[in-house]
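Data block below; observations after.
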Amino acid sequence: MEGKHLLFSRGKKKKKYKFTDDLMVVDTVVSLIFASLSIAVTLGCVIYSTIKGGEVSDRVGVLMLISLVMALTGLGFGLHSFRLVEGDNNAKRMTVIMSLVALVLLLILYIL
């Protein structure tokens with residue numbers, strides 16, 4: 001009975017799901033996700049603050065700090081991905097630029 005069970009289990013292959021191709025390094029993907037989320041949270045807070053006329057709770061400030069941490073983390077992962085040999089340099093540059101855009105956007109909002 002066990003031999004029959006082993007016979008059937010040998011032919012099954014596990015399906016692997018990939019969200020990127022082999023040219024993307026994991027650090028680049030993480031940096032892209034963090035930079036995108038940071039920009040989205042920042043723009044969402046600005047839109048919400050504009051709709052409410054500037055009278056928002058402290059939670060918006062906390063969301064902006066979370067956005068800052070995500071932008072810094074994305075920048076760190078993006079810069080670390082340049083040390084790795086494999087991966088596409090254009091994608092690495094794009095993630096660093098997106099993280100810098102998120103940081104500049106937060107800096108402009110802090111000054112204003």
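Inside the stretch 51-75, can you point out the residues that are without any contact (Cβ under 8 Å) to a residue 12 or more places away in the chain and at negative phi?
Of the residues in the stretch 51-75, the ones without any contact (Cβ under 8 Å) to a residue 12 or more places away in the chain are 51-59, 61-62, 65, 69.
Listed by number, the residues that qualify are Ile51, Lys52, Glu55, Val56, Ser57, Asp58, Arg59, Gly61, Val62, Leu65, Val69.
Go through the residues of the stretch 69-83 one by one and say whether even a single one is assigned to a helix (DSSP H, G or I) and modelled with pLDDT under 90. It would help to see each step written out before you state the result.
Going through the stretch 69-83, the residues assigned to a helix (DSSP H, G or I) turn out to be 69-81.
Retained after the next criterion (residues that are modelled with pLDDT under 90): 81.
Scanning the stretch 69-83, I find at least one residue that is assigned to a helix (DSSP H, G or I) and modelled with pLDDT under 90, so the answer is yes.
Name the residues in the stretch 76-99 that are in contact (Cβ under 8 Å) with a residue 60 or more places away in the chain and open to solvent by 60 Å² or more (accessible area, probe 1.4 Å), would you?
Filtering the stretch 76-99 down to residues in contact (Cβ under 8 Å) with a residue 60 or more places away in the chain leaves 86-88, 91-92, 94-96, 98-99.
Those that are in contact (Cβ under 8 Å) with a residue 60 or more places away in the chain and open to solvent by 60 Å² or more (accessible area, probe 1.4 Å): Glu86, Asp88, Met94.
Where residues in the stretch 22-32 are touching a residue at least 12 places away in the same chain (Cβ under 8 Å) and part of a helix (DSSP H, G or I), which of them is farthest from Ser99 (Cα to Cα)?
Only one residue fits best here, namely Asp27.
Counting just the residues of the stretch 54-72 that are open to solvent by less than 60 Å² (accessible area, probe 1.4 Å) and among the small types (Gly, Ala, Ser), which one comes out nearest to Asp27 (Cα to Cα)? Talk me through it step by step, then tell me what you get.
Residues of the stretch 54-72 that are open to solvent by less than 60 Å² (accessible area, probe 1.4 Å), as a first pass: 54, 56, 60-61, 64, 67, 70-71.
When the remaining residues are screened for being among the small types (Gly, Ala, Ser), the result is 54, 61, 67, 71.
Working: Gly54: 37, Gly61: 28, Ser67: 18, Ala71: 14 Å.
If we take residues in the stretch 54-72 being open to solvent by less than 60 Å² (accessible area, probe 1.4 Å) and among the small types (Gly, Ala, Ser), then Ala71 is nearest to Asp27 (Cα to Cα).
Which condition does Ala102 not pass, out of (1) open to solvent by 50 Å² or more (accessible area, probe 1.4 Å); (2) assigned to a helix (DSSP H, G or I), if it passes all the others?
That leaves (1) as the condition not met.
The values are calculated or read from the model by the stated rules, or taken from the named source; none is laboratory data. For clarity, every value in this text was computed on a predicted model and none was experimentally measured. Virtual Cβ from ideal backbone geometry, glycine too; neighbours counted across all protein chains shown. Only protein heavy atoms, including side chains, enter the accessible area calculation; ligands, DNA and RNA are left aside. Shrake-Rupley method; radii C 1.70, N 1.55, O 1.52, S 1.80 Å.
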